[in-house]
Amino acid sequence: MVCLGNICRSPLAEGILKDKLRERGLNWAVDSAGTGFWHIGEPPDPRSVSTARKYGLDISRQRARQLQSQDLEAFDLILAMDRSNYDDILRLANTGQQKSKVEMILNYVDPGSNRNVPDPYWDDDGFDKVFHMLDEACERVIDKHT
Ligand code: 4NP
């Protein structure tokens, strides 16, 4: 799960996907990262933590890290929150196989639409909407890959 800062959107996506996998008894390796370096080592934004908590998820122990090119080798699927993340991730890819692992996450909801998960960083009211978008997308991700 990849966004810009790894403090707002991708920590929610990581928490939501892990919770759904646990419910279904599936053992996938899930992690999140940011394309940027500004928030390395920080916990998720308090607004993401409280939104997750509202829906019964604890994401407070996550810590932000920056996406590395080896992540494109280590993981089977790299999900970008928006188009700019997608372009930044592709710049780290070294092979066609790595490039083929990168998807816009909302294309699991609306195939081919290339919709962005809006960055809620500057919008206190955006977090709930982002949670629900990611919740639906994560459901579809599991459905498609099981
Ligand atoms: P995220 O949100 O990419 O969803 O974690 C952002 C967090 C921080 C910044 C931008 C977006 N920032 O500019 O510091």
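Only one of the listed residues (Ala93, Ala74) is among the hydrophobic types (A, V, I, L, M, F, W, C) and more than 17 Å from the chain's Cα centre (by Cα). That residue is Ala93. Of all residues in segment 71-105, those satisfying the criterion of being within 14 Å of the ligand (Cβ to nearest atom) and open to solvent by less than 30 Å² (accessible area, probe 1.4 Å) are Leu79, Ala80, Met81, Asp82, Asn85, Ile89, Ile105. Assessment of segment 106-114 against the conditions (over 27 Å from Pro46 (Cα atoms), within 14 Å of the chain's Cα centre (by Cα) and surrounded by 12 or more Cβ atoms within 10 Å (Cβ to Cβ)) yields at least one matching residue. With respect to the conditions (1) farther than 21 Å from Val30 by Cα; (2) buried (at least 16 other Cβ atoms within 10 Å of the Cβ), Asp128 lacks only one, and its number is (2). Residue under question is Thr35, and the condition is that it be under 16 Å from the mean Cα position of the chain (by Cα) and under 15 Å from Val130 (Cα atoms); does it hold? Judged against the criteria, Thr35 is not a match.
For first residues located in segment 106-131 and under 13 Å from Ser10 (Cα atoms), partners that are within 15 Å of the ligand (Cβ to nearest atom) and aromatic (Phe, Trp, Tyr) and lie 6+ apart or on another chain with Cβ distances below 9 Å form the pairs Pro120/Phe127.
Results for (1) more than 21 Å from Cys8 (Cβ to Cβ); (2) of a type in the set (Gly, Ala, Ser); (3) out of contact with any helix residue (DSSP H, G or I) (no Cβ under 9 Å at 6 or more places or on another chain), shown as yes or no for each residue.
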{"site": "Tyr55", "(1), (2), (3)": "no, no, no"}
{"site": "Asp71", "(1), (2), (3)": "no, no, no"}
{"site": "Tyr86", "(1), (2), (3)": "no, no, yes"}
{"site": "Leu90", "(1), (2), (3)": "yes, no, no"}
{"site": "Met104", "(1), (2), (3)": "no, no, no"}
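The values are calculated or read from the model by the stated rules, or taken from the named source; none is laboratory data. The structure presented is a predicted model; accordingly, all values stated were derived computationally and were not measured. As a convention, Cβ positions derive from the backbone with ideal geometry for all residues, glycine included, and neighbour counts pool all protein chains shown. Just so you know, the surface numbers come from the protein's heavy atoms only, side chains and all, with ligands and any DNA or RNA stripped out. Shrake-Rupley method; radii C 1.70, N 1.55, O 1.52, S 1.80 Å.
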